[in-house]
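Q: Below is the structure I would like to discuss, written out as structure tokens.
Throughout, read-outs are computed from the coordinates displayed, never taken from laboratory work. Computed from a prediction, not measured in an experiment: that's the story for all the values here. Here the Cβ positions follow ideal geometry from the backbone for every residue, glycine too, while neighbour counts run over all protein chains shown.
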Amino acid sequence: MTQLKQARLNKITPEMERVAQLEDCDVETLRSNIADGKAVIPCNKKHSIKKICGVGKDLRTKVNANIGTSADYHGVEEELEKLRAAEDAQADTVMDLSTGGNLREIRQEIMRNCSITIGSVPIYEAAVDAVKQKNSVRDMTATSMIDAIKRHCEDGIDYITVHCGVTQGVLKHLVDDKRICGVVSRGGSFLVDWISSHKKENPLYEQFDEILAIAYEYDVTLSLGDALRPGALADAFDRAQVYELNVLAELTQRAWDADVQVIVEGPGHVPLNQIQSQIQLQKELCKGAPFYVLGPIVTDIAPGYDHITSAIGGAIAASAGADFLCYVTPTEHLGLPKPEDVHDGVIAARIAAHAADIAKGIKSAWEWDRTMSQLRRKRDWEGQFSTCIDPAHARKIREKGTPQNIDVCSMCAEFCVFKVADESPDN
């Protein structure tokens, strides 16, 4: 049985026990949230995860790191370096988005070396295979798309993005709205092209029951992809995006009816003033299902700094109720990330997630900040390094500007406010 099925039967699984222990939360509350579809534990029956995680209500905001090859760069070793960078920076999950090289071999090698929850996007493999065999993404078939999903589940992937919500009805609004950037979801663009050229309905929507059966067999969590997420601020919150969200709400209920765990994906490029409304709409339409957002990126003019633009949006989104942040690296819109970009992206997203968790009232988040503040007040430098979110980076910065008096920092030196207070006669 799936985690959802067992939760509905009032059974507490070992996975629920592990997540509750990691989160320092009540396991019965966690079970209840899973039973209601408001939390998930992505854990394929065929995958033994060393560092399991839960996503959703009353849990810490989680962070995902995307890795994977491209046609230009498809070395397995570099992907393993990115995996290590993501794990070292304490990402909660990774997704393999490979589109270059032998995709199954790459996926399996990543899985052999991965200690955390792992996701993937099977439509990429179906599209790449179609191009290799017949030279066009349009040569995908319904069978090849479903077969790709089966392979990923058989290999032990814990959660998969499936773009089931992009339908012929949705595409009508896309055509009418005349977006600046059109469809920026890669999987979404494959399916939009397929639907438009074949004049047929999306097979992933038509055969959703078959996808549910596969997901149930392996207890794979479905991440319902937002194929029509906006790729520009000017495209945000248009009819195509909202129409697709309504379809995803329908599919969420169908997944729950089949005892399949589900996450709903969200945008994208969103101006600050829309973020809270978008989160609230998703939560209302999808009845509290966990919400997984890319960023959101809050301005289009900062290539090279999109780990920052997305962290700004991510903090607001998560504080408004989003449960899961997909990181964005400094190379977004510019190129394939390197291991150092993966590290910077994870740290930026974790800062956003933690800031939101403080706003959400997550006890462990508040305790972490309180501990850090106490160590800063004592000028306990080693304690601060071991407690902060990126110890190596903090230590490196201090070493670049070593003060004459190692008791303080080189910013204030002898005028350090804490040192002055400690030496005050009234202290």
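Q: Using Cα pairs under 8 angstrom and six or more residues apart, how large is the relative contact order of the chain, in percent?
A: Computed over the chain, the figure is 16 percent.
Q: If you don't mind, another one. Tell me, what HN-Hα J-couplings in whole Hz come from the Karplus equation 6.51 cos²θ - 1.76 cosθ + 1.60 at θ = phi - 60° for each residue of the range 26-36, using x for Gly and Pro?
A: Once rounded to whole Hz, the list reads 6, 5, 5, 5, 4, 4, 5, 5, 5, 4, 7.
Q: In sequence order, what are the phi-derived ³J(HN,Hα) couplings for the range 335-349 according to the Karplus relation 6.51 cos²θ - 1.76 cosθ + 1.60 with θ = phi - 60°, rounded to whole Hz, with x for glycine and proline?
A: Running phi through 6.51 cos²θ - 1.76 cosθ + 1.60 with θ = phi - 60° gives x, 6, x, 9, x, 5, 5, 4, 4, 5, x, 5, 4, 4, 5 Hz.
Q: Among bridges DSSP assigns within the chain, what percent are antiparallel (round to 5)? Spell out each step's value before the answer.
A: On the way: 2 of 30 bridges.
Here the antiparallel bridges make up roughly 5 percent for the chain.
Q: If you count, for each residue, the other Cβ atoms within 10 Å and average over each peptide, how do 234-242, 114-122 line up from highest to lowest?
A: In descending order of packing, they fall as 114-122, 234-242.
Q: What GluC sites (Glu not before Pro) does the range 356-427 have in DSSP loop regions with at most 14 other beta carbons within 10 Å? Display every interim value, and only then the final one.
A: Details: sites: Glu367, Glu382, Glu399, Glu414, Glu423; in loops: Glu423.
Sparse-neighbourhood loop GluC sites (Glu not before Pro): Glu423.
Q: Moving on to the next point. If I measure Cβ to Cβ between cysteines in the chain, which ones have no partner under 4.7 Å?
A: Cys25, Cys43, Cys53, Cys114, Cys153, Cys164, Cys181, Cys286, Cys326, Cys388, Cys409
Q: Quick query: amide H of Leu294 versus all other amide H atoms, modeled in the peptide plane; which residues come in under 5 Å with a sequence gap of 5 or more or a different chain?
A: Amide H to amide H, under 5 Å and 5 or more residues apart or across chains, Leu294 pairs with Gly266, Gly268, Cys326.
Q: Compute the acute angle (0 to 90°) between the alpha-carbon long axis of helix 76-88 and the principal axis of greatest extent of the alpha-carbon atoms of the chain; round to the nearest 10°.
A: With rounding to tens, the tilt is 50 degrees.
Q: Have a look at the DSSP beta bridges in the range 13-154 and tell me what percent are antiparallel, nearest 5.
A: Roughly 20 percent of the DSSP beta bridges within the range 13-154 come out antiparallel.
Q: For Gln404 and Asp88, what does the FRET efficiency come to when R0 = 41 Å and r is the distance between their Cβ atoms, rounded to the nearest 0.05? Working shown, then result.
A: Working: r = 33 Å, r/R0 = 0.81.
After rounding, the FRET efficiency stands at 0.80.
Q: Mind giving me the FRET efficiency for Thr141 and Lys46? R0 is 35 Å, r the Cβ-Cβ distance, nearest 0.05 is fine.
A: 0.85
Q: With all pairs of different alpha carbon atoms counted, what Kirkwood hydrodynamic radius in Å does the range 119-165 show?
A: 10.7
Q: Something else: Between Arg138, Arg376, Arg84, where does the largest GNM mean-square fluctuation fall for the chain, given springs only between Cα atoms within less than 10 Å?
A: Of Arg138, Arg376, Arg84, the Gaussian network model singles out Arg376 as fluctuating most.
Q: Now for a different question. Tell me the net charge near Asp259. Cut-off is 9 Å between Cβ atoms, Asp259 excluded, with +1 for each Lys or Arg and -1 for each Asp or Glu.
A: Here the charged neighbours net out to +1.
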